[in-house]
1. Could you rank the peptides 183-191, 243-251 by their average count of other C-beta atoms within 10 Å per residue, with the highest value first?
2. Averaged per residue, what accessible surface does the chain expose to a 1.4 Å probe, in Å²?
3. Could you please report the charge total around Ala308, scoring K, R as +1 and D, E as -1 over all other residues with beta-carbon less than 13 angstrom from its beta-carbon?
4. For the Cα atoms of the chain, what angle does the longest principal axis make with the long axis of helix 111-127, in degrees from 0 to 90, nearest 10?
5. Compute the separation of the alpha-carbon centres of segment 93-148 and segment 198-231 and state it in Å as a whole number.
6. Under 9 Å from the Cβ of Leu254, count the other residues' Cβ atoms, weight Lys and Arg +1, Asp and Glu -1, and hand me the total.
7. By how many degrees, 0 to 90 and rounded to 10, does the Cα axis of helix 64-77 deviate from the longest principal axis of the chain?
8. Along segment 202-216, what does the Karplus equation 6.51 cos²θ - 1.76 cosθ + 1.60 (θ = phi - 60°) give for ³J(HN,Hα), rounded to whole Hz, x for Gly and Pro?
Amino acid sequence: MSYIIRPDWQRELSHLKNTDRRSRLSALASLKKKLPLKQEARISFLADNVVDALVDRIANDPAEQCRELSLSILSGSFCSFDARESLLIAHSFIPVAIQRVGSRPFKEPVEELRLKLIDACNAVLLQSASELDDSQELTQRFACCLVQALTDTYPETKRSAGIAISTLCQVAPQSIRLHFADLTNTLIFNLRHQHAKTRTTTLNAVVDVARASVDVDAFGHMFHQAVLPALCKICTDRSAAVRVHLARSVGAWLLKGVYSRKPERAAESQESTASFKTHRAKPMLEVDLLVLLLDVLADDTFFVAVRAVAELNVLV
């Protein structure tokens, strides 16, 4: 089915190509007034290539204001679309975001825009979660991009990247497994960040990545050589709030089950037999995590120890 381009879209889209910055800003301001999109506008927003025009501005506009406004309009429209439509937008937008923040030096020079690009990617992935294929190249490339985003000197971008990693652990865990080592090493480095809020968000991501990757061949070695020592250091973190969060994270991991997915019965297939043996061969992670939770229980700060007790009581 073909759609006739609406006159208002056509006028504004043509102005987006104007070499005059003020004309582009005026067109973008007019587009933003139409949010949130109604049903008819939602259909034409996709059919009339408005998304592609905004993505092009995000990627190529030399003016920071135009890039920021284009991104604001696009991210503001996400709530108007269903999962399938959001996935179409994701395939158009996320590759451009990856280009802007996925390599050093960053092609997006403005740190606030790098933050908003990661936030927007996270939002559209959540919106399209039910339609995502875990093997899609899109999510795999985004996971690789987040390794670089975690190295951003802007603390809020580090936190946003950590949140996006936790999202991928839920909606596309295979993409996390493919980059398990790089993500884990970079996250562990960020656990030493000066801001407690950044350390807390990073801690969430470390636990989520570990749980999503527990059936990766190299997991046992990485867990004992890097992840577990890093978590043990958090037991002496200078922020009591971070230590409380450690108790919550480890307690939640144990409560949900150490493994992100249970092995199938060995009799079902050769593949399930291999999966079963792999899980049997894993170290006793539950014991390691319980010992870690007991370390938090010995904390000198009363409310930190109380949190550890509460987590242990839930497990009993």
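The values are calculated or read from the model by the stated rules, or taken from the named source; none is laboratory data. Nothing here was measured: the structure is a model prediction, and the numbers come from that model. Cβ sites come from the backbone with ideal geometry, for glycine too, and all protein chains shown count toward neighbours. Only protein heavy atoms, including side chains, enter the accessible area calculation; ligands, DNA and RNA are left aside. Shrake-Rupley method; radii C 1.70, N 1.55, O 1.52, S 1.80 Å.
1. Numbers: 183-191: 21.1, 243-251: 22.8.
The peptides rank, most packed first, as 243-251, 183-191.
2. For the chain, the solvent-accessible area averages 49 Å² per residue.
3. Counting the neighbours of Ala308, the net charge comes to -1.
4. For 111-127 against the chain, the angle is about 80 degrees.
5. Centre-to-centre (Cα) distance: 22 Å.
6. Every neighbour counted, the sum reads -1.
7. Helix 64-77 sits at roughly 70 degrees to that axis.
8. Coupling constants for segment 202-216: 5, 4, 4, 5, 4, 5, 5, 5, 4, 5, 6, 10, 5, 9, 6 Hz.
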